[in-house]
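The values are calculated or read from the model by the stated rules, or taken from the named source; none is laboratory data. Quantities reported herein were computed from a predicted structural model and do not represent experimental measurements. Note that each Cβ is placed from the backbone with ideal geometry, even for glycine, and that neighbours are counted across all protein chains shown.
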Amino acid sequence: MYIALAVIIVLIFLVIIIYNTMLSKKNKMLKSYSSLDVMLKKRYDLIPNIVEAVKGYKEYEANTLKQIISLRSKADDCKNIEDINNLNSKYMDFMSDIDLLSENYPDLKASENFMHLQRVLNEVEEQISAARRTYNAHVESYNTYISLFPLNIIAFLFGFRKYKFFEMSQEEKDTKVSVGNFDDKEEN
Amino acid sequence: MEEKFSEFYEYYNDKLKDIYSKFNKIKKKVEAKYLIAMIIFIVLFLMASYQLDLLIDNSFIFVILGVTVIAICVIVAIYIRLRKEMYNLNKYIIEDIIKFISQDESSIFEPNKRISIENIKDMELFNLENLQYNGKNAIGTDYNSNYMNFADMEIYYYKDVLREETYYDSKGNPYTKKVIDKVKKTIFSGCYISATLNKRIAEHIYLIPNNFSDVIINGAIKDYITYSGEEIELENLEFSKKYKVYSDDEIQARYILSLALMEKINNIDEIFEGKKYIVFKEGRRFVICLEGFKIENLRKTLLPFNSKSSKVKENIKYIFRNLYKFFEIYDVLDLGNDLYVDKN
């Protein structure tokens with residue numbers, strides 16, 4: 001009787017410890033997700049500046065311009081990592097366009113304003129990359145933990161589900177960088 | 001490096017002649033001074049020998065021996081003095097090499113200066129409440145618009161070691177007394193290098209050698225090392241084998257320690273094999289402490305007294321190659337690029 005009671009108490013304690021570990025890993029992951037979100041918003045905040053810097057070289061159609069500027073507001077509406085991935089792909093299309101433009105207009109590439117913007121963008125992209133690596137590291141740790149047997153049973157009972165990694169889009173992998181020469185880019 | 005050295009040696013030939021002409025002037029003066037001293041000593045010795053009747057057949061051998069000893073002593077004294085002069089002239093060679101590599105004419109080499117206590121405190125790596133530090137051979141130069149400092153640095157503490165000593169009283173009975181000896185334990189002995197970082201950060205990031213605890217002989221690591229933050233596991237396995245990374249901000253640590261930079265830090269091993277402590281300081285400062293490497297060893301690499309000796313080029317090359325390593329670190333880590341922040 002006492003042995004059975006002791007076993008039950010030990011099991012309850014084990015479940016509590018496992019539950020708390022899962023929760024702590026999940027919270028760390030969500031925290032890194034919100035940091036990633038902040039970094040991405042910082043990136044989208046720069047879009048008007050980029051448009052302003054290239055306006056003498058490229059005339060956007062009103063509709064296209066609206067779509068580009070709306071990337072910022074769409075960033076606020078991102079609910080999960082899939083939304084972020086979709087928006088990221090659109091942003092990369094826009095940046096490839098800017099890249100091409102800077103290649104075609106050397107004076108744009110050499111302008112002080114554009115060069116400063118390029119540095120700011122490089123810094124933001126590096127920060128995004130760091131936030132993505134952090135997020136993915138936490139997702140990996142959390143996903144692995146809740147997949148292990150018998151922890152997966154407890155995870156299932158308490159509704160802990162697997163999270164998706166923040167993938168780099170194909171354009172992002174192919175494009176050397178946003179604007180100009182950013183050779184420190186890395187893949188996850 | 002070879003190409004750069006050949007370029008330097010060609011450019012430096014005239015200056016080297018100046019250094020040797022300066023040295024030869026000193027050499028002549030020293031030799032003249034010491035030879036006069038030797039003659040005076042020998043004359044005095046001979047006079048004393050004459051007074052003591054030592055110049056007779058049987059004792060004459062002792063007089064020759066005495067004169068030989070005086071001559072050897074004077075030759076040794078001349079050699080020591082000339083080495084000291086060459087050691088002093090070596091300062092200019094090191095300074096000229098630094099100026100050549102960095103292309104900064106205002107570069108300075110101050111053998112008697114050390115890294116300031118503020119710089120070490122600012123690093124927030126070594127706990128100076130329990131540790132003492134010393135150093136010399138401070139170098140300051142501007143390389144690619146980036147101000148760099150190098151200096152020899154030693155961080156140490158004194159450990160009280162208790163031992164028993166046996167004494168004897170007046171009756172010859174033994175008794176023991178406990179004696180405390182202060183034994184010097186070195187935590188770090190090597191070179192401090194500081195440069196401007198090409199990224200801006202808000203928190204310190206520490207890279208501590210994985211086997212650091214080996215150097216702590218007694219006491220808690222925290223008594224000697226003041227790094228803070230959580231340990232961060234990074235993706236590069238080779239890098240993780242070498243360093244433990246601590247920071248209060250994980251994203252920022254990953255921002256600085258990009259996959260490319262971790263690879264570059266691994267590559268520093270090809271330049272310096274020893275243990276390395278790396279601190280990315282709040283703001284835009286980068287500090288690397290290289291265990292075992294000392295500028296003083298380069299100062300002690302003296303040129304031969306004869307300017308025609310093949311050792312002249314060999315020794316200058318040795319000094320050049322080692323000083324070049326400091327700048328190689330800067331180049332390998334690509335700290336000079338302005339991809340992220342304006343240089344000024």
* To do: Within the stretch B:157-178, identify whether any single residue is surrounded by fewer than 18 Cβ atoms within 10 Å (Cβ to Cβ), among the polar types (S, T, N, Q) and in the same structural domain as residue B:124 (by TED's automatic domain parsing), and answer yes or no.
  => no
* Structure fact -> Taking the stretch A:130-142 and keeping residues more than 7 Å from chain B (Cβ to nearest Cβ) and among the polar types (S, T, N, Q) leaves A:136, A:141
* Failed condition for residue A:79, given (1) part of a helix (DSSP H, G or I); (2) under 23 Å from residue A:133 (Cβ atoms) -> (1)
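Check B:232, B:265, B:205, B:216 and return the single one that is among the aliphatic types (A, V, I, L, M), modelled with pLDDT under 85, assigned by TED's automatic domain parsing to the domain that holds residue B:120 and in contact with a strand residue (DSSP E or B) (Cβ under 9 Å, 6 or more places away or on another chain).
Numbers: B:232 fails: modelled with pLDDT under 85; B:265 fails: modelled with pLDDT under 85; B:205 fails: modelled with pLDDT under 85.
When all the criteria are applied, what remains is B:216.
Conditions (1) under 30 Å from residue B:85 (Cα atoms); (2) aliphatic (A, V, I, L, M); (3) under 21 Å from the mean Cα position of the chain (by Cα), marked per residue:
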| site | (1), (2), (3) |
| --- | --- |
| B:243 | no, no, no |
| B:274 | no, no, yes |
| B:279 | no, yes, yes |
| B:283 | no, no, no |
| B:291 | yes, no, yes |
| B:301 | yes, no, yes |
* Test set (1) touching a strand residue (DSSP E or B) at 6+ places or on another chain (Cβ under 9 Å); (2) surrounded by 13 or more Cβ atoms within 10 Å (Cβ to Cβ); (3) without any contact (Cβ under 8 Å) to a residue 60 or more places away in the chain - residue B:67 fails condition number -> (1)
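Please determine whether any residue of the stretch B:121-135 is assigned to a loop (DSSP other than H, G, I, E, B), of a type outside the set (Lys, Arg), touching a His at 6+ places or on another chain (Cβ under 7 Å) and buried (at least 16 other Cβ atoms within 10 Å of the Cβ).
Residues of the stretch B:121-135 that are assigned to a loop (DSSP other than H, G, I, E, B), as a first pass: B:124-125, B:127-131.
Those still in the list that are of a type outside the set (Lys, Arg) too: B:124-125, B:127-131.
The next check asks that each one be touching a His at 6+ places or on another chain (Cβ under 7 Å); those that pass are B:124.
Subset that is buried (at least 16 other Cβ atoms within 10 Å of the Cβ): B:124.
Looking for residues that are assigned to a loop (DSSP other than H, G, I, E, B), of a type outside the set (Lys, Arg), touching a His at 6+ places or on another chain (Cβ under 7 Å) and buried (at least 16 other Cβ atoms within 10 Å of the Cβ), one finds at least one in the stretch B:121-135, hence yes.
Mind listing just one residue for me: the one in the stretch B:302-323 that is touching a residue at least 60 places away in the same chain (Cβ under 8 Å) and surrounded by fewer than 19 Cβ atoms within 10 Å (Cβ to Cβ) and, of those, nearest to residue B:195 (Cα to Cα)? Steps first, answer last, please.
First pass over the stretch B:302-323, keeping only residues touching a residue at least 60 places away in the same chain (Cβ under 8 Å): B:302-303, B:305, B:307, B:312-313, B:316-317, B:319-321, B:323.
Now restrict to residues that are surrounded by fewer than 19 Cβ atoms within 10 Å (Cβ to Cβ): B:302, B:305, B:307, B:312-313, B:317, B:321.
Numbers: B:302: 29, B:305: 36, B:307: 36, B:312: 31, B:313: 30, B:317: 25, B:321: 20 Å.
Step by step, filter the stretch B:302-323, then rank; the result is B:321.
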